[in-house]
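**Student:** There's a structure below that I have some questions on.
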Amino acid sequence: MARKPDYKELELKIKELEKQADERNRVEGALRESEERLKTVLDTVQAGIVVIDPKTHIIVGANTAAG
């Protein structure tokens, strides 16, 4: 039977999980900023841009100029 972790081991695991959560939050924030920049560029470009899924050949996005 496996032994139960002691308090110190649990404390270290919690710190590691907190570190991972902080990193995930940082990366998610950077992704949101990047997506917002891309959206701004696509919406201000005067040429129509259409994004098509390469597998399904379905339009998955378009900027306002493509409308």
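**Student:** Of ASP53, ASP43, ASP22, ASP6, which residue is in contact with a Ser or Thr (Cβ under 9 Å, 6 or more places away or on another chain) and either acidic (Asp, Glu) or at pLDDT below 95 (or both)?
**Tutor:** Sole residue among the options that is in contact with a Ser or Thr (Cβ under 9 Å, 6 or more places away or on another chain) and either acidic (Asp, Glu) or at pLDDT below 95 (or both): ASP43.
**Student:** Looking only at segment 1-46, which residues are farther than 30 Å from ASN63 by Cα, not aliphatic (A, V, I, L, M) and not in a loop (DSSP other than H, G, I, E, B)?
**Tutor:** Within segment 1-46, TYR7, LYS8, GLU9, GLU11, LYS13, LYS15, GLU16, GLU18, LYS19, GLN20, ASP22, GLU23 qualify.
**Student:** Output the qualifying pairs, or none if there are none: Cβ atoms under 6 angstrom, residues six or more apart or on different chains, first residue in segment 26-42 and of a type in the set (A, V, I, L, M), second residue outside any helix (DSSP H, G or I).
**Tutor:** Here the result reads LEU42/ILE49; LEU42/ASN63, each pair linking segment 26-42 to a residue that is outside any helix (DSSP H, G or I).
**Student:** Exactly one of (1) of a type outside the set (D, E, K, R); (2) under 20 Å from the mean Cα position of the chain (by Cα); (3) in a loop (DSSP other than H, G, I, E, B) is unmet by HIS57. Its number?
**Tutor:** (2)
The values are calculated or read from the model by the stated rules, or taken from the named source; none is laboratory data. Because the structure is predicted, anything quoted here is derived from the model rather than measured. Cβ atoms come from the backbone with ideal geometry, glycine included; neighbour counts cover every protein chain shown.
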